[in-house]
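Enquirer: Below you will find the structure I want to go over with you.
The values are calculated or read from the model by the stated rules, or taken from the named source; none is laboratory data. It should be emphasised that the depicted structure is a prediction, and the values quoted were computed from it without experimental measurement. All Cβ positions, even for glycine, are placed from backbone atoms using ideal geometry, and neighbour counts span all protein chains on display. In case anyone asks, the SASA skips ligands and DNA or RNA and just uses the protein heavy atoms, side chains included. Shrake-Rupley method; radii C 1.70, N 1.55, O 1.52, S 1.80 Å.
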Amino acid sequence: MYAKRRLGSLTLLLLITILTSVAWASPQAPPRAPTPPPAAPAPIPAPVPVIGRVWPVGARPAVVRGWEAPATAYARGHRGVDLAAAPGVPVRSVAAGRVSFAGRVAGRGVVAVELTGTGLPPLRTTYEPVRASVRKGDEVAPGQFVGTVEPTGGHCAGTCLHWGLLRGDAYLDPLSLLPPWLLRRGPSRLLPVLGVPLPRLPAA
C-alpha cells in the first residue's frame, strides 16, 4: 500500500515537472506594438483670393508664357507668367500690400510685395526685371507704380515682365489674383451716345 502511494506521488511530481519544463520552453510571443494613430490629413492650401485690381503692366498685356505648375519643389516648370512689356514701361502693384524686398538678385532688379489680408504666411507677388522706385517697408495701393521694366534680356525672346506669386515657399498662378472681367477685357471700343449725332464724314 505504502509503495503504491509513494509511486503515485512520484508519478504526479514527474508529471508536474514535465509540464513546467514544457511551459518554460515554449517561445513567448513578442508583445504587439501599439497601433499608431491615423495620420492627419494633409492641410488643404488656402484658396487665392481674387483681390487684383489691375494688370502689372499695360491694360491687357499679352501673356508670352503662362504658368506651368512644377510636379515637385525642384521639378521643371514655369513659376509665374511672362507679360510682354517694353523697357521703361511702368510696373504696378496688382493689389494693396507692403514692399518686402526691393533690390537685385543675380543682377536682375526684383520687387516683392506682401499682399494685405491674405493670411499667414501672406501671399507675395514678385516682379522682375524691375528698376525699383519703392523701398522695403513702403505701403503700396492697388495700381501704384513700384518701378519700371529693365532692358535685361535672357528670360524672354523679347523684353517681358516676369510676374510671380508665392505663399511661403509654394509657387502659385498669379493670374488667379485677377477677376474674370480683367482677364477677359479686350481693347476699348467707343460706343455711340444716345441723343448725340454721329460726326459726318468729310465729302470726298
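Enquirer: Can you tell me which residue is modelled with the lowest pLDDT among those in region 79-99 that are open to solvent by 30 Å² or more (accessible area, probe 1.4 Å) and within 24 Å of P179 (Cβ to Cβ)?
Expert: Result: R79.
Enquirer: If you don't mind, there's one more thing I want to ask. Which pairs have Cβ atoms under 7 Å, sit 6 or more apart or on different chains, and link a residue in region 45-61 that is among the charged types (D, E, K, R) to one that is in a loop (DSSP other than H, G, I, E, B)?
Expert: From residues that are among the charged types (D, E, K, R), the pairs are R53/V94; R53/A95; R53/P142; R53/G143; R60/R185; R60/G186.
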